[in-house]
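Q: Pasting in a structure now, in structure tokens, and then I'll have a few things to ask.
The values are calculated or read from the model by the stated rules, or taken from the named source; none is laboratory data. Since this is a predicted model, take the numbers as computed values, not measurements. No Cβ is skipped: glycine too gets one built from the backbone with ideal geometry, and neighbour counts run over all protein chains shown. Heavy atoms of the whole protein, side chains included, go into the accessibility calculation; ligands, DNA and RNA do not. Shrake-Rupley method; radii C 1.70, N 1.55, O 1.52, S 1.80 Å.
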Amino acid sequence: VLAAAGMPADWTMAAIVGAAGLEPALAALARGGTLAVANKEALVCAGEIVLAAARASGATILPVDSEHNAIFQALDARDPSVVEKIILTASGGPFRQASLEHMARVTPEQAVAHPVWSMGAKISVDSATMMNKGLELIEAARLFSVPEDRIEVLVHPQSAVHGLVQYADGSLLAQLGSPDMRTPIAHALAWPRRMHVDVPRLDLAALAKLEFYAPDTVRFPALRLAREALRAGQGATTILNAANEVAVGLFLGRRLGFLDIAAVVEEVLASLGSPAVPDLAAVLALDAAARQDATDRAARRAA
């Protein structure tokens with residue numbers, strides 16, 4: 001994979017799930033060109049290193065995640081000082097209205113049954129816990145150089161509005177579209193132009209209504225953990241991502257409960273803190289330590 005990432009290409013998409021996509025992304029950035037980022041975990045676990053690699057080679061990073069691509073389209077990058085806040089939307093996942101009692105009994109099959117998007121198992125579970133939105137919050141802070149307190153998350157069940165930017169004059173610009181990943185991929189492929197894509201057009205009259213709600217961080221503590229990790233620093237976000245990957249894997253293997261995913265992540269964060277990660281070697285070492293800690297803590301819960 002590293003050899004493939006280093007091959008000559010004008011445009012590369014980083015789409016490997018998890019921290020496993022970090023080193024290939026860095027290999028692609030090292031040769032310049034454009035890196036379209038669909039892997040949010042690389043920017044979560046090593047954002048400062050990834051951005052520094054892009055600056056060093058003159059590479060361009062374009063966001064492909066639907067929410068970040070939406071922000072990119074709505075953002076006036078010429079003057080970031082006039083941006084008051086950016087708003088990421090979340091579908092709320094399959095358990096948006098479920099009780100904690102119900103979520104305690106959730107099975108992997110129920111967790112991967114996303115109501116809107118068709119995705120892989122790991123990202124589907126992240127969406128169900130809302131850790132996916134927490135990871136996206138961290139990614140947004142890194143991509144757009146926006147502090148944590150100026151990034152808002154809203155639950156939007158219709159998944160028609162993918163992201164919004166609020167400006168100093170009160171204007172609120174939104175990007176809307178059908179929930180189809182071909183649109184943000186095409187935008188990144190053709191940028192700075194646009195290309196025709198045969199995707200379903202959003203029919204606002206048929207949709208009839210757009211709903212927005214504040215997220216519930218009691219039932220979905222992953223969002224709170226992501227904000228705390230972002231405030232704590234790069235080491236904490238590396239730990240957050242690694243512990244979550246382990247916990248999600250154990251849940252999918254029926255060795256950990258659904259609500260235990262965020263609980264294990266919180267315990268690992270409390271245990272390891274936010275050590276400095278000045279280079280890739282430090283990131284990989286901390287990632288490994290967090291994975292081991294998460295594995296041990298999950299085993300104790302299952303015993």
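Q: Looking only at residues in the range 173-197 that are open to solvent by less than 50 Å² (accessible area, probe 1.4 Å) and assigned to a loop (DSSP other than H, G, I, E, B), which one is farthest from Glu67 (Cα to Cα)?
A: Here the answer is Val197.
Q: Name the pairs whose Cβ atoms lie under 9 Å apart, with the first residue in the range 78-104 and in contact (Cβ under 8 Å) with a residue 60 or more places away in the chain and among the acidic types (Asp, Glu), the second open to solvent by 50 Å² or more (accessible area, probe 1.4 Å) and assigned to a helix (DSSP H, G or I), and 6 or more positions between them or separate chains?
A: Going by the 9 Å Cβ cut-off, the qualifying pairs are Glu84/Arg150.
Q: Let me ask something additional. For the range 17-45, enumerate the residues that are under 13 Å from the mean Cα position of the chain (by Cα) and of a type in the set (A, V, I, L, M).
A: The answer is Val17, Ala19, Val37, Ala38, Ala42, Leu43, Val44.
Q: Ok, one more. From the list Ala222, Ala214, Ala229, Ala247, pick out the single residue that is among the small types (Gly, Ala, Ser) and open to solvent by 80 Å² or more (accessible area, probe 1.4 Å).
A: Unique residue meeting the criteria: Ala214.
Q: Hey, another quick one. Name the pairs whose Cβ atoms lie under 9 Å apart, with the first residue in the range 266-294 and at positive phi, the second buried (at least 17 other Cβ atoms within 10 Å of the Cβ) and modelled with pLDDT of 95 or more, and 6 or more positions between them or separate chains?
A: Listed pairs, sorted by first residue: Gly273/Gly235; Gly273/Ala236; Gly273/Ile239.
Q: Could you check Gly253 against (1) closer than 23 Å to Ala121 by Cα; (2) within 20 Å of the chain's Cα centre (by Cα) and say which number it fails?
A: Here Gly253 meets the rest and fails (2).
Q: List the helices (runs of 4 or more DSSP H) inside the range 1-100, counting only whole elements, that have at least 3 residues being modelled with pLDDT of 95 or more.
A: 22-30, 40-57, 66-74
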